[in-house]
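**Q** One structure coming up, written as structure tokens, with questions to follow.
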Amino acid sequence: MTASTAALRSGLTGTTNIVVTEQHTARHMGSGRMPVLATPALAALMEAAAQQAIDAHLPPGQQTIGTHIDLHHHGATPIGLRVTASAELISIDGRLLTFRIVAHDGNEQIGEAQHLRALTSTATFERLLRKKTNDTTSAANAISTFSAANGSKAQTER
């Protein structure tokens, strides 16, 4: 375990939820034609649950970036139902964090995933974005928008 992962430990959990609306549907997102929760929306919800599991434990100046998700979406959820994703940090290997995530819609389990996130320096990440965009304002705004959007949606459980 490195200094940057010292506060992290297996067993940390996070939970996020949404009520499915038209904007979350396969029809709206272009991933299908049905008015049910889209797999990309489920993936985003699951990633948010993993992030919430560790947010309070990240050292200042550190963040995580999703690098892989192996998702099985096996239940259709119509508009109006609440979907809850629960993530558990199951292993730490250097900078790589592995999560097990399940999602339920109140009637049944609708998905499960294994998700990998990499711990990185916020400053390093911002530098990489600036290098790609060659525009420091756009990179800073993207990070600020991402942080605000993900910090306000979910709750962390310990």
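**Q** Checking the structure you have, find out if any residue of segment 55-68 is of a type in the set (A, V, I, L, M, F, W, C) and closer than 14 Å to ILE110 by Cα. Full working, then the answer.
**A** The initial filter retains those residues of segment 55-68 that are of a type in the set (A, V, I, L, M, F, W, C), namely 56, 58, 65.
Next, from what is left, pick out any that are closer than 14 Å to ILE110 by Cα: none.
No, segment 55-68 has no match at all.
**Q** Within the group SER152, SER138, SER86, SER147, which residue is at pLDDT 95 or above, of a type outside the set (A, V, I, L, M, F, W, C) and either in contact with an Asp or Glu (Cβ under 6 Å, 6 or more places away or on another chain) or on the phi < 0 side of the Ramachandran plot (or both)? Step through it out loud before you land on a result.
**A** Details: SER152 fails: at pLDDT 95 or above; SER138 fails: at pLDDT 95 or above; SER147 fails: at pLDDT 95 or above.
Criteria check complete, one pass: SER86.
**Q** Among the numbered criteria (1) at pLDDT 95 or above; (2) over 11 Å from the mean Cα position of the chain (by Cα); (3) not aromatic (Phe, Trp, Tyr), which one does LEU128 miss?
**A** (1)
The values are calculated or read from the model by the stated rules, or taken from the named source; none is laboratory data. None of these values were measured; they are calculated from a predicted model. Glycine also receives a Cβ, built like all others from the backbone with ideal geometry; neighbour counts cover every protein chain displayed.
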